[in-house]
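> What follows is a structure written as structure tokens; I'll ask about it next.
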Amino acid sequence: MFQLELRPNSSALWTAVTPVLAVIATMIAGGFLFAALGKDPVEAIRVIFLDPLLQPYTRSQMLVKAAPLILIAIGLSMGFKAGIWNIGAEGQFIMGAISGGAVGLAFYPTQGAWLLPLMATAGALGGFAWAMIPALLKIKYGTNEILVSLMLVYVATNFLGGMVSGPLRNPEGHNFPESRSFQDYASASNPELFSGTGIHYGVLLMFAAVIVAYIIMNRHILGFQINLTGQSPRAARFAGVNPNVLIAVTLGISGALAGMAGLFEVTGPAGKLTTNFPVGYGFTAIIVAFLGRLHPVGIFLAGLVMALTYIGGEGAQFVLRVPAAAISVFQGMLLFFLLAVDVLSNYRIRWVRKEHS
Amino acid sequence: MRLMKSLLTGAALAVGLAGAVFAQEKLKVGFIYIGPVGDLGWTYQHDLGRKALDAALGDKIETSYVESVPEGADAERVLTQMALSGTKLIFTTSFGYMDPTINVAKKFPDVKFEHATGYKRAKNVSTYSARFYQGRTVIGYIAGKMTKTNTIGYIASFPIPEVVRGINAAYLAAKAVNPKVKFKVIWVFTWFDPGKEADAANALIEQGADVIMQHTDSPAALTIAEEKGIYAFGQASDMLQFGPDARLSSIIDNWGPYYIERVKAVLDGTWKSKATWDGIGPGMVKIGAFSDKIPADVQAGAKALEKGLADGSLNSFTGPINKQDGSVWLKAGEVADDATLASMNFYVQGVDGKLPN
């Protein structure tokens, strides 16, 4: 019979190969799903995985869709590595968008090149401050940051509802619960940088975040402290790591990055503050962080794969008339297989002959 | 030899492509939906309209849709992908698609767009909506006649003109036949959230409401009404199956005829950007079959109202009507103009409570 045997060290080869295996397994299982729906499985897989990579528009849109996911996931991964679980990035994303957006709207209609940087700073601070709540509560009273950060998402959502139907509502918007459009307010808008691509400052920031995170995690003392704390909190303490500082720093970084992601999303692709602009990036980013194995480059790739399934999934809906639910199942399969094949990097399969007594 | 071969394949390909172009002469018509087609409310009715289009013009057109598209950035991407893939007429069926529709329309001047319930138009962007308030006049009349406690509960989504207009129309109709009637309004700040809608229904029932009206999309309130043995109405679709005893009637959105008319206009080359706001008369709003719980004389009264609104001999807003603060809105015999209706942000006299802002 087959037996799983723990590897002494996780296998580097399998760590690299398993994502590919998972994608292949998803294609096969997904093929069956689409065949059961009466669609040509090969064509369906092609539309989802290949077509978006072939058109310049969808290629650049993958970056646009992935940017907030990657930006948030990069921040989360630092905390996750140290065993600090910020589950409330969605709330920090929203608060960043509100605080940065509010700063911009406060200056309406003043124009100036200083405005967007100021808004981005306010966005980062908004997300940072929102993440400091679970951080300080954990440091001071030992509360569970998972619970506190998650619950604060709902507070942020309701706060957003209050702001867009109150102080931040567009006075010329027929009473609809929305802010003014940032796209119509030049200095406060996060514009398309290369015509026809949709690439905006948030995408550039995402690339910067990936690089900086890589350097921090591999070359900087902070990265060492994070990794050490994750592996052995006790050893970390002996090495002089102050766990309270680490909590504040990792939650603070992830909050600030989520806040900036929110600000660039709302001033760019989303265009205005509404109750509907948060579409769950903060939660999806948790999946992206783990798919990317908490490694900056892995997260970058995972974010792109995630974006690919969204964009390809939309294509499949209108080209092949596949229902949206089937696309969700397909995405679920991909995540399932990615996590399932993970077992191969930590375990090896051995054939053990049954012993007869 | 090799050259010959590639030339031949080239020729074969060219022939194949020409054939493909020839076969693709069907007009591609796209829809984007805010919810799943199975929501049995707003999106379901739009999809019925699409199916009516297929049935009527299926030999000349090809329809496709993408469902559950969040408003904002995702909508813009989906619309762009549709336009890039050769769709020539796109119906965007939610208010929040307004800015994305306008943005994409700018980039694709040869693609025609039809945006539901918005107020921004362009050379290639029409808007369309239905005079749902006429339906509310009819069911408001029924509610006023059927209530024993003289308390009607109203579940409202957002304080936008569309919803405020509905409350006013229903109240005026109920008040006209039942001077003692009171309206209790709960704002849930969502279009679709079965949990919140059910909570609101329960709260209204506790406050003495025995008839519930709603301007939200799920059948949750109707289900609660069925449980508690009180009355309610179907919204957007008939919803009879959710409350066979509770449902008195319904306001049904009927988009099919409009969709057929507009697609025909594109096929004839007579399509022009315009604003459409149709009511019971042209059949965009339909009143669902009356429950046999409604006495015959009330049914006859409701029928007469429906007929009068359809032929224009009656208007939902005919003076004398005062605003809530007591100031005169319409003098005796005066009827409301569309501009005021489109930006209505006040309650009429007699509605309790303050309009949230």
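The values are calculated or read from the model by the stated rules, or taken from the named source; none is laboratory data. Bear in mind the structure is a predicted one, so any value in this text is a computation, not a measurement. A quick note on method: Cβ atoms are made from the backbone with ideal geometry, for glycine too, and the neighbour counts reach across all protein chains shown.
> Test each condition in (1) more than 10 Å from every other protein chain (Cβ to nearest Cβ); (2) in contact with a helix residue (DSSP H, G or I) (Cβ under 6 Å, 6 or more places away or on another chain) for B:K88 and report the one that comes out false.
Of (1) more than 10 Å from every other protein chain (Cβ to nearest Cβ); (2) in contact with a helix residue (DSSP H, G or I) (Cβ under 6 Å, 6 or more places away or on another chain), only one is false for B:K88: (2).
> Name the single residue, out of those in the range A:196-224 being assigned to a loop (DSSP other than H, G, I, E, B) and not β-branched (V, I, T), that is farthest from the other protein chains (Cβ to nearest Cβ).
Only one residue fits best here, namely A:H220.
> Separate question: Among the residues of the range A:216-242, what is the count of those that are aromatic (F, W, Y) and either surrounded by 12 or more Cβ atoms within 10 Å (Cβ to Cβ) or touching a Phe, Trp or Tyr at 6+ places or on another chain (Cβ under 8 Å) (or both)?
Qualifying residue count for the region: 1.
> Which residue, of A:A29, A:A66, A:A73, A:A44, is among the small types (G, A, S), in contact (Cβ under 8 Å) with a residue 60 or more places away in the chain, more than 28 Å from A:I216 (Cβ to Cβ) and surrounded by 17 or more Cβ atoms within 10 Å (Cβ to Cβ)?
A:A44
> Return only the number of the condition from (1) closer than 30 Å to B:L89 by Cβ; (2) more than 17 Å from the chain's Cα centre (by Cα); (3) without any contact (Cβ under 8 Å) to a residue 60 or more places away in the chain that B:A332 does not satisfy.
All conditions pass for B:A332, except number (1).
> Another question, then. Would you kindly identify the helices (runs of 4 or more DSSP H) lying entirely within the range B:124-232 that contain at least 1 residues that are out of contact with any helix residue (DSSP H, G or I) (no Cβ under 9 Å at 6 or more places or on another chain) and either in contact (Cβ under 8 Å) with a residue 12 or more places away in the chain or under 30 Å from B:P257 (Cα atoms) (or both)?
Correct list: B:161-177, B:194-206.
> Taking the stated definitions as given, is B:S291 in a loop (DSSP other than H, G, I, E, B) and surrounded by 19 or more Cβ atoms within 10 Å (Cβ to Cβ)?
So B:S291 fits the description; yes.
> If you check B:G96 against the conditions, is it at the interface with chain A (Cβ under 9 Å from one of its Cβ atoms), small (G, A, S), closer than 27 Å to A:A325 by Cβ and touching a strand residue (DSSP E or B) at 6+ places or on another chain (Cβ under 9 Å)?
yes
> If you don't mind, another one. Among what's in the range A:154-169 and is away from every other protein chain (no Cβ under 11 Å) and crowded, with 16+ Cβ neighbours inside 10 Å, pick the residue that is farthest from the chain's Cα centre (by Cα).
A:L168
> Would you be able to tell me the number of residues in the range A:108-153 that are modelled with pLDDT under 95 and closer than 20 Å to A:E265 by Cβ?
Number of matching residues: 1.
> Let me ask something else. Report, by residue number, each residue of the range A:170-195 that is over 24 Å from A:G282 (Cα atoms) and within 8 Å of chain B (Cβ to nearest Cβ).
A:H174, A:N175, A:F176
> A follow-up question, please. Could you check B:T147 against (1) outside the structural domain of B:V66 (by TED's automatic domain parsing); (2) surrounded by fewer than 21 Cβ atoms within 10 Å (Cβ to Cβ) and say which number it fails?
Failed condition: (2).
> Does A:V241 satisfy being over 28 Å from B:S94 (Cα atoms), outside any helix (DSSP H, G or I) and more than 9 Å from chain B (Cβ to nearest Cβ)?
yes
> Which residues, taken from the range B:99-112, are away from chain A (no Cβ under 11 Å) and not hydroxyl-bearing (S, T, Y)?
B:V104, B:A105, B:K106, B:F108, B:P109, B:D110, B:V111, B:K112 - these are the residues of the range B:99-112 that are away from chain A (no Cβ under 11 Å) and not hydroxyl-bearing (S, T, Y).
> Inspect the range A:15-33 for any residue being over 27 Å from the mean Cα position of the chain (by Cα) and on the phi > 0 side of the Ramachandran plot and give the result as yes or no.
no
> Now a separate question. Scan the range B:233-280 for residues that are in a strand (DSSP E or B) and not acidic (D, E) and report the count.
13
> Another question, then. Among the listed residues A:G255, A:G230, A:G259, A:G271, which satisfies the condition of being within 14 Å of chain B (Cβ to nearest Cβ), in contact (Cβ under 8 Å) with a residue 40 or more places away in the chain and not hydrophobic (A, V, I, L, M, F, W, C)?
Every option except A:G271 fails the conditions.
> May I ask you to list the residues in the range B:55-74 that are of a type in the set (A, V, I, L, M) and facing another protein chain (nearest Cβ under 10 Å)?
Residues satisfying the conditions are B:V66, B:V69, B:A73.
> Identify the single condition in (1) among the polar types (S, T, N, Q); (2) surrounded by 22 or more Cβ atoms within 10 Å (Cβ to Cβ); (3) within 14 Å of chain B (Cβ to nearest Cβ) that A:Q55 does not satisfy, given that it satisfies every other one.
(2)
> Picking from A:V288, A:V329, A:V322, which residue would you name as being crowded, with 19+ Cβ neighbours inside 10 Å, assigned to a helix (DSSP H, G or I) and β-branched (V, I, T)?
Checking each option against the conditions leaves just A:V288.
> A further question follows. Looking at (1) more than 24 Å from B:T117 (Cα to Cα); (2) modelled with pLDDT of 95 or more; (3) not β-branched (V, I, T), which one does B:S249 not meet, given that it meets all the others?
Of (1) more than 24 Å from B:T117 (Cα to Cα); (2) modelled with pLDDT of 95 or more; (3) not β-branched (V, I, T), only one is false for B:S249: (1).
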